[in-house]
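Every read-out reported here was derived from the displayed coordinates using simple, explicitly stated rules and does not represent laboratory data. None of the values given here were measured: they were computed from a predicted structure. When we count neighbours, we look across all protein chains shown, and the Cβ atoms used for this are built from the backbone with ideal geometry, even at glycine.
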Amino acid sequence: MDITPYLRKIFRALGFRHWQTGRGTALRWRRLRFFLHKRGETTNNEGYMTFRCNVCSQLNEIHMSRLHRELPSCWNCGSTMRFRAIVHLLSEELLGAELLLPDFPKRPWRGVGLSDWEGYARPLAEKWQYTNTFYHCEPFLDITTIPPKMEGTLDFLIASDVFEHIAPPITVAFENARRLLKPGGLFILTVPYVREGRTQEHFPELFRYEIVEREGRPILNNITRDGRHQQFDELVFHGGEGVNLELRMFSEGDILDTLTAVGFTDIRIHHEPCYRHGIIWLEDRHLPFTARVPL
Ligand SMILES: [Zn+2]
């Protein structure tokens, strides 16, 4: 049965006149705002929407301009859109339903996070056999040198905004992510990336390095594998100087190619919004990826 005429009717009734052609974006937003913003208030509320945080269940009202990948938008737990997207993907991919984290059923699934946000890591550890791990403190996990006994043991692995900070060659981290997972295991990956071109390695010869301060500015001193000394300034840090130095800017194509090359399958970029949980991607980059280990 072709449901297209019915869909067209529903969209037209809602005012989406050009639903198939992609035109009329402004109109769509106006209509969306109308349907999403809290009813019964004055028109000052134009542009506000309500969503239920899937990390803590809190109902929030927020101006849509505040919905950003990295800005806290739940007034209760401080979750960002990226954190809610990770919970959403765990729910959709592993449970096959759109559940709030407090409603996740208990499962014997084993999973690991690489420096995950504590806001969802703590409740997730109460539901499943999940461990949040760290590069610098207990419980340790260095994704570039994984313990052989951990190989093939995980049902899921989360690497959220971590891979841009791992020393090159980055392929090793992708390979080890696949090695840690069981057949059918789920990899959730987020990194900042650009749509076009190739991944830009800022320090391709990074080997033994330290960050020091000189005249109030951070400097990166590196000794390459063949013993040459290098020095870099113009460093970019993410949320915490000295710890989260940006080592590369990924490109979408290279992420897809590397996931494929190390043996992942069912690789997907998640553009789709989830209005209910306040996940609306207004940019077509920095989106979350999922990939599976073949069965
Ligand atoms: Zn919350």
query = Under 5 Å between amide H atoms, partner at least 5 residues away or on a different chain: which partners does residue 113 have, H built in plane at 1.01 Å?
reply = 131, 132, 133, 158
query = Quick one: if the Förster radius is 35 Å, what FRET efficiency do residue 237 and residue 145 give, using the C-beta to C-beta distance and rounding to 0.05?
reply = 0.90
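Quote to one decimal, in nm, the extra length available between residue 295 and residue 256 on full extension: 0.36 nm per residue of separation minus the C-alpha distance between them.
Values: separation 39, 0.36 × 39 = 14.04 nm, distance 1.94 nm.
Length gained between residue 295 and residue 256: 12.1 nm.
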task = State, to one decimal in nm, how far the label point of residue 153 lies from the label point of residue 75, with both points 7 Å from Cα in the Cβ direction.
result = 4.4 nm
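Among the chymotrypsin sites (Phe, Trp or Tyr not before Pro) in segment 108-193, which ones are in a DSSP loop with at most 15 other Cβ atoms within 10 Å of the Cβ? Mind listing them?
Values: sites: 109, 117, 120, 128, 130, 134, 135, 140, 156, 163, 174, 187, 193; in loops: 109, 117, 128, 135.
The qualifying sites are 135.
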ask   = Going by how many other beta carbons lie within 10 Å of each one, how would you line up 118, 215, fewest first?
value = 215, 118
query = Mind listing the phi-derived Karplus ³J(HN,Hα) values for segment 72-86, rounded to whole Hz, using 6.51, -1.76 and 1.60 with θ = phi - 60°, and x for any glycine or proline?
reply = x, 10, 9, 6, 7, 9, x, 5, 9, 4, 4, 5, 5, 5, 5
task = Would you order 137, 274, 53 from fewest to most other beta-carbon atoms within 10 Å of each residue's own beta-carbon?
result = 137, 274, 53
request  = Could you work out how far apart the two model spin labels at residue 171 and residue 244 are, taking each label as a point 7 Å from the Cα in the direction of the beta carbon, and quote it in nm?
outcome  = 2.9 nm
